[in-house]
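Beneath this line is the structure, given in structure tokens, with notes to follow.
The values are calculated or read from the model by the stated rules, or taken from the named source; none is laboratory data. This structure is a prediction, so every number in the text was calculated from the model and none was measured. FYI the Cβ positions are ideal-geometry reconstructions off the backbone, even for glycines, and counts take in every protein chain you see.
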Amino acid sequence: MSSTKEDSNVGAKIEKKHKNGEKKADLGAGFCYRMAVTLLGLGFGFLHGWHVSTLFENDRHFSHLSDIEREMSFRTEMGMYYSYYKTLAEADNLNIGFERIESDNISEYPNVIDATHKYSILPETIAGSLYHIGKSSGLLSRPQCWQIERGNDLPPVMSCEGLGVPIYFYLEIVWYHATLTGTIIFLYATYLSDSIYGGLLAIFSFFYNHNECTRVQWTPALRESFAYPALLYQMYRVTEFIRGHREIKSKLTKLYTYTDIIMAMIYSFQTWQFSQFIFFTQIVALLFLKWIKIIPRDLCRKMFIIHVLSALIIIMDSENTLLSQSLYWCLLFNHVYCEFISEKLSHFFSSSSTVWIEIISTLVSTIMTKSYIMKSEDDNHIFDLLKSKITNYKNFHTMLYTCSVEFDFLQYETYKTIIMTALLPTVILAGVITIYYWYRNFKKEGYPDCIEPEVAYNALQCGAFIVMAFFIMRLKLFMTPHLCIIGALVAGKRYLGKFGIKGEASRGALVVLILALMTYNGIQRLQEERSHVAQYSNIEQEELFEWIKAKTPKSAVFAGKMSLMANLMLSTGRPIVNNPYYESKEMRGRTIKVYEIFSRKEPSVVYETLRNLHVDYIVLDESLCFGFGNVKPGCRMVDLMDLVDSGKDKKSGKPPVCPILFRGYNHLFRRVFSNRGYVVLSLEYSKYVEIRPQKTIAYQS
């Protein structure tokens, strides 16, 4: 009897030891798998970083440009944002640099602003700080310089490259962000599909549709280049949280997860003012899933706490009302209150009635709060833009956007591309097999357990991005990468198993077939992208800036086209009265006043307006002044200014004032510089000699 008992105890110990061994083996195998996936993702990420950096070099021949040419290649708001990094990098020390940008008196002259609070320049402040640290510690490579002969009677220039050159250091930060984008897309798709095959499908389709997914290779200093990797990472972590929130038992793990998501959100807010709109779509998706009972209320409540904390940190540390009085913040604030009320009412109403009360009260209170309490007008132009997309409404601001191709409706070329590279068919197939899988689960588990909440969230998030891209083409940078991630679901073992495809060989063969279909046209697009070679040159603008630096006082105040003013501030350091930061009501008002130069008003009226803005010099752009170039009907600057005065001056037959001033036919404006692209007018007597234009120009009516 004792022998039997002893044998039993020994057997139990052996079985326990065997189970512990299996558990350790599973943990070891899981760790190795995660490490392999992470390393593979990093490999694809660095490949993407190298890819975009070489595309950028091929497009501009950047290594052989002078300093001023490199700065001019940062067009529109890129030049404005880069100027703050330049200020930090070229300062004698960081303290002096930060004092200058915290007391910025040149970007909105005569206003003195704290640029670190008003603008999304966190990447520039970090890059500038790292540059000084690397320079002082001797970690940066010494620049390699050579002389470039430019021909065409142009003087030779010195060109330098290496991390010791401030602009190259800045670009390296951009390329590291692009590396993160490639890495996260692979990891995100692998996690969502539970398969490395899914990650491979996503990253290959990302490369094959690269021009539809990102424009970092052409516009590296734009805010999206820094914010998108953080936004993508935040969505990835939210997906992980939705899938495994009930399995997280450790308080330390919970704290790490919450902190990780909050930090990603803070970085996104601080690097791009439009990040709030992405987070708005996220909370709308989460609310919808909560209301149809696909995700539990406690999960949604935790996500709302994360959003509220992240937004509060930014609101408390910023002067910008774009977030504190946004629709996003109104929805967050009101839903927390409405949910509390609906829970109290749940004792008196059925669960379905309580949900409807919560939905209606949330919608009504959010709209009322935004309309009557949060009356900030900084974001009015965004709602006007949306209004113009679905109605015939238009004004100066909406036309300024919609006349640009980036803000037009999604073009046919995009649809054609994602079909030819088999991305759209793959996503449709993924949707079909996912719905079929949920249908089969419905028979066993019922609703809502049959639906995977993390997949449902990503489907809604992708749907929101599709709608955004449809109305504003620029936002396809969110749509197309997420289509790549959703398309990875076709490789999910759990889905294919329902169709009898269970073996690794069968799944591998299917993935190879899909990759082959993608590659058939995708590789050609990739080759075309890499074969693009160009040379940046803008002689007229360079002449303009060199003249300004040599012939005008450092305190001279300039006005002109928004995009040009950003470059002028960067390359000459002169104060400007208007800049491309259009998310400020004051700046929009200033822009209309400066753009009176393109209207039909009397020269004396335009002169008084500019003098009231403290303008010393106005820069006229030939193409805007005369309506040259490939301009859509109704999109000439004079057409936009006709909207401001309701067409009264046009009906009275007044001619545009810009061509008159461009030719120098007015005593109030003295032409002090001109070349084939630009004319500079002084608003007071100047000693500078007028340079005659090199060609005769006729206004295109």
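Brief remarks on what is shown
- Some residue of the stretch 531-547 being within 22 Å of THR414 (Cβ to Cβ), outside the structural domain of ARG574 (by TED's automatic domain parsing), assigned to a helix (DSSP H, G or I) and touching a Leu at 6+ places or on another chain (Cβ under 7 Å): no
- When ARG574, ARG600, ARG676 are checked against the criterion of being touching a residue at least 24 places away in the same chain (Cβ under 8 Å), basic (Lys, Arg) and surrounded by fewer than 18 Cβ atoms within 10 Å (Cβ to Cβ), a single residue qualifies: ARG676.
- Test: residue in the stretch 75-89 that is touching a strand residue (DSSP E or B) at 6+ places or on another chain (Cβ under 6 Å) and not assigned by TED's automatic domain parsing to the domain that holds ILE314: no
- Total residues in the stretch 660-673, condition surrounded by fewer than 20 Cβ atoms within 10 Å (Cβ to Cβ), among the hydrophobic types (A, V, I, L, M, F, W, C) and farther than 19 Å from ALA556 by Cβ: 1
- The lone criterion from (1) surrounded by 14 or more Cβ atoms within 10 Å (Cβ to Cβ); (2) among the hydrophobic types (A, V, I, L, M, F, W, C); (3) under 30 Å from LEU640 (Cβ atoms) left unmet by PHE409 is number (1).
Yes or no, residue by residue, for (1) in contact (Cβ under 8 Å) with a residue 12 or more places away in the chain; (2) under 20 Å from ILE292 (Cβ atoms); (3) in contact with an Asp or Glu (Cβ under 8 Å, 6 or more places away or on another chain); (4) in a loop (DSSP other than H, G, I, E, B):
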{"site": "LEU331", "(1), (2), (3), (4)": "yes, yes, no, no"}
{"site": "CYS338", "(1), (2), (3), (4)": "yes, yes, yes, no"}
{"site": "SER353", "(1), (2), (3), (4)": "no, yes, no, no"}
{"site": "ILE357", "(1), (2), (3), (4)": "yes, yes, no, no"}
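- Restricted to the stretch 214-263, and to residues there that are under 10 Å from the mean Cα position of the chain (by Cα) and of a type in the set (Lys, Arg), the residue that is surrounded by the fewest Cβ atoms within 10 Å (Cβ to Cβ) is ARG215.
- Residue among ILE523, ILE514 that is aliphatic (A, V, I, L, M) and either more than 30 Å from ALA456 (Cβ to Cβ) or assigned by TED's automatic domain parsing to the domain that holds LEU65 (or both): ILE523
- Scanning the stretch 620-629 for residues that are surrounded by fewer than 23 Cβ atoms within 10 Å (Cβ to Cβ), of a type in the set (A, V, I, L, M, F, W, C) and outside any helix (DSSP H, G or I) turns up just one, PHE628.
- Exclusive hit being farther than 23 Å from GLU124 by Cβ, of a type outside the set (Val, Ile, Thr), under 25 Å from the mean Cα position of the chain (by Cα) and not in a loop (DSSP other than H, G, I, E, B), set LEU192, LEU171, LEU180: LEU192
- Any hit, the stretch 686-696, residues being at pLDDT 95 or above and part of a loop (DSSP other than H, G, I, E, B): no
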